[in-house]
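Presented below is the structure to which this report refers.
The values are calculated or read from the model by the stated rules, or taken from the named source; none is laboratory data. Quantities reported herein were computed from a predicted structural model and do not represent experimental measurements. When we count neighbours, we look across all protein chains shown, and the Cβ atoms used for this are built from the backbone with ideal geometry, even at glycine.
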Amino acid sequence: MKKEAPARNDRTPSGIPGFDELIQGGFPKKSSTLICGGPGTGKTIFSMEYVVNGALKYGEKGLYVTFEQRIEDLEKQASQFKWDLNKLQKSGMVEIMYVPVTKIDANLIEKIKEKVIKNKIKRLVVDSLTTLVINAPIYQRNSDLSIKEIIGENIMFSPPIIGDYIFRRFLYGFIEELRSLDCTVLLLGEADQSGENISRDSLSEFACDGVVVISFESMGGDYSRSLIVRKMRSTKNNGDTHSFDINDRGIVIKKIK
Ligand SMILES: Nc1ncnc2c1ncn2[C@@H]1O[C@H](COP(=O)(O)OP(=O)(O)OP(=O)(O)O)[C@@H](O)[C@H]1O
Ligand SMILES: [Mg+2]
């Protein structure tokens, strides 16, 4: 793969053909962007391409944390696009950390942070934030929570208030922790199928610095893929709907005629 010209130094380019020009050259450095969509929309392929391009085109190390797919499954998926994850892992440019849902615990965030700092990771993907926020808050220590803080002025004390509070606190806390790292993060999220909110948890879109929504529609045997950059802090983003294809080299955003 050919080396690209250096990008603006406040940006982390995805290297995905046609995408970076929608966001002034790339994701703002050290930002966290939610890549949100329904099942099979291309979230994993998009994020894998971001990490692979980082290694091959920009000389940046990437860490792909997944709760969804085993390493060999990701390698197989990537090989369809001629991305040799095995080789990239051996060279130390890409790391894949597979954590089965049953192994998500209170130390996970620290483990991710340690890896990022120690190995000078510049691109981090969490696949998916939805799975993490559903599972991780369970492991928060009770001592992290102040009952007074939870119920505030609420006279009526009820368990759903606590559940919602723990969830919010975890989500915002996690994204805040990522801000302290010198790397640019993509967080994958499940879309809200009702269409009322962007993400299934209805909070991730507020907590993240950027939001890219990916869609897949099929009608009468025909189908179309598209994406919208819904938000990108410190960026004049192009908010149009952009069609894209997945071809044998990955994602290609089509030019608007
Ligand atoms: N080689 C390929 N060429 C074209 N399209 C492909 C190719 N490989 C996969 N796809 C398409 O990409 C989709 C899978 O993309 P991906 O795994 O990135 O989705 P996802 O949004 O991560 O899904 P999930 O939420 O289930 O994890 C497949 O359903 C298929 O439609
Ligand atoms: Mg996926």
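The table that follows gives values for the structure above.
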| read-out | value |
| --- | --- |
| Of all residues in the range 203-220 being of a type in the set (Gly, Ala, Ser) and part of a strand (DSSP E or B), the one that is farthest from Pro28 (Cα to Cα) | Ser218 |
| Near pairs, Cβ below 6 angstrom, 6+ apart or cross-chain, from the range 228-248 (at positive phi) to any residue that is surrounded by 15 or more Cβ atoms within 10 Å (Cβ to Cβ) | Ser234/Pro28 |
| Among residues of the range 38-91, those that are within 14 Å of ligand 2 (Cβ to nearest atom), of a type in the set (Lys, Arg) and assigned to a helix (DSSP H, G or I), counted | 2 |
| Residue among Thr12, Thr44 that alone is touching a residue at least 60 places away in the same chain (Cβ under 8 Å), crowded, with 21+ Cβ neighbours inside 10 Å and more than 15 Å from ligand 1 (Cβ to nearest atom) | Thr12 |
| Matching entry among Leu56, Leu74 (being modelled with pLDDT of 95 or more, more than 13 Å from ligand 1 (Cβ to nearest atom), crowded, with 16+ Cβ neighbours inside 10 Å and not small (Gly, Ala, Ser)) | Leu56 |
| Residue within the range 175-190 that is at pLDDT 95 or above, acidic (Asp, Glu) and over 17 Å from Lys30 (Cα atoms) present | yes |
| Residues of the range 92-101 satisfying the condition of being part of a loop (DSSP other than H, G, I, E, B) and either hydrophobic (A, V, I, L, M, F, W, C) or under 17 Å from the mean Cα position of the chain (by Cα) (or both) | Met93, Val99 |
| Number of the condition not met by Val213 [criteria: (1) within 16 Å of ligand 2 (Cβ to nearest atom); (2) closer than 26 Å to Ser79 by Cβ] | (2) |
| Pairs where the first residue, in the range 73-99, is over 12 Å from Thr44 (Cβ atoms) and the second is assigned to a loop (DSSP other than H, G, I, E, B) and within 14 Å of ligand 2 (Cβ to nearest atom), C-beta under 7 Å, 6+ apart | Tyr98/Arg70; Val99/Phe67 |
| Yes/no for Ala106 being at pLDDT below 80, surrounded by 10 or more Cβ atoms within 10 Å (Cβ to Cβ) and either within 16 Å of ligand 2 (Cβ to nearest atom) or under 18 Å from the mean Cα position of the chain (by Cα) (or both) | no |
